[in-house]
Amino acid sequence: MPAKSRFTRLDAFTKTVEDARIRTTSGGIVTIVSLIVVLFLAWGEWTDYRRIVIHPELIVDKGRGERMEIHLNVTFPRIPCELLTLDVMDVSGEQQHGVQHGVKKTRLRPQSEGGGDIDSKALSLHAAEDSATHLDPSYCGPCYGASAPTNAAKPGCCNTCDEVREAYARSSWAFGRGEGVEQCEREHYAERLDEQRHEGCRIEGGLRVNKVVGNFHIAPGRSFSNGNMHVHDLKNYWDTPVAGGHSFTHTIHHLRFGPQLPDDFGKKLGNKHLPWTNHHLNPLDGTKQETDDPNYNYMYFVKIVPTSYLPLGWEKKFAGFRDDHSADIGAFGQSVDGSVETHQYSVTSHKRSLAGGDDKAEGHEERMHSRGGIPGVFFSYDISPMKVINREERAKTFLGFVAGLCAAVGGTLTVAAAVDRGLFEGATRLRKLRSKDL
């Protein structure tokens, strides 16, 4: 038997001769409709193959010795910049008093004058305009019984008012307005403070902290440690000529932990077909708190969840995340391949008067508050041991696309053939019935 005939028996697609084929109008219509359906389904399969979805995973965070960036923008309309201090503390024992790296203070006009910007100053130790360059090079200012700060421009001396204040803070002494202090009287520290009494302040920038449980706070007066206690010099905050005193009315314009996610990622998450429509919002953005009580304390308890964003194809060009602690603020946690190491957070808030009492005014008479504390705005953060990985993936593989395309074409043609056969058989029976009637 010829080789060709061996496969003839296996042919599942039997053919009819051209003369035995019958073409009908209904068959032509069914063919056109089926082709349209095939094209529509094929386009749907292609768009589904090109679609990128966000696949969230939850794993145990095994990172060790990492750092984390905090980016904030907070406005205080009723307290001047000269009185505000930003401090960071964590359970590892690291205390950063008067944090000055990557943060700037912007003086604001009084609310009665619109609250516009006056000037902005980056917080850096011993700025050129603060140095005592006009003094005799051999001049060594006294520190008035306190030990000279280790970061003084001239070792063992206090040549500026700021260095005297720093020396007092390191000795855990209150400073006040600097009366009788030669350096402060020369720099008109008290007069400058009184000029700013009615101003507001905006604090914005970034901090780099240990990725452990800790807190950062904005409170009045220079801070210092007294034994195991963290203390602020509140003398200038209480002794104010402003009617009613200062207060910690504030607006949190922005607060995030880690780099901002790319805009295109936010657009993808905004798709109504995705389950994570409110993913990675910063819940404290736009928060506003008002009070007329200078003895008021605001606390925000933040739960931070480490989060990674891995774009499509990141593994092909992964170069490692930037973990250089000397990198500029804002560059930490990002990679050239588009992957980002950042953090989400949830928050609960608490506020109380330092005079104690209950919350009867707010309808919670049963809630009692303790007395004492420091006025200010405090952020206490805790790090989750779990980590969320948001990975971009194709909705289906190429083989899945081919299989879906074949199923769409084959299924449509099979259904079309059945419909055409039904129409043909029906038309044939009708013709036979009519011929019998005649």
Within the set of other residues whose C-beta is less than 13 Å from the C-beta of His232, count the net charge using Lys and Arg as +1 and Asp and Glu as -1.
+1
Per residue, how large is the accessible surface of the range 144-259? Use a 1.4 angstrom probe and give square angstrom.
40
How many percent of the accessible area of the range 380-438 is carbon or sulfur, using a 1.4 Å probe?
66
Computed FRET efficiency, Cβ-Cβ of Val415 and Thr25, R0 22 Å: what is it to the nearest 0.05?
0.70
At Ile118 and Arg51, where each label point lies 7 Å from the Cα along Cα→Cβ, what is the point-to-point distance in nanometres?
5.7
Among the listed pairs Lys104/Lys211; Lys288/Lys387; Lys62/Lys303, which have their C-alpha atoms separated by more than 27 angstrom in this model?
Lys288/Lys387
Taking Cα centroids, how far is the range 66-94 from the range 171-195 in Å?
23
Among 25-38, 298-311, the order from most to least packed when residues are scored by Cβ within 10 Å on average
298-311, 25-38
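The values are calculated or read from the model by the stated rules, or taken from the named source; none is laboratory data. Note that the structure is predicted; figures quoted are calculated from it, not measured. Quick reminder, even Gly has a Cβ in these numbers, built from the backbone with ideal geometry, and neighbours come from all protein chains shown. Just so you know, the surface numbers come from the protein's heavy atoms only, side chains and all, with ligands and any DNA or RNA stripped out. Shrake-Rupley method; radii C 1.70, N 1.55, O 1.52, S 1.80 Å.
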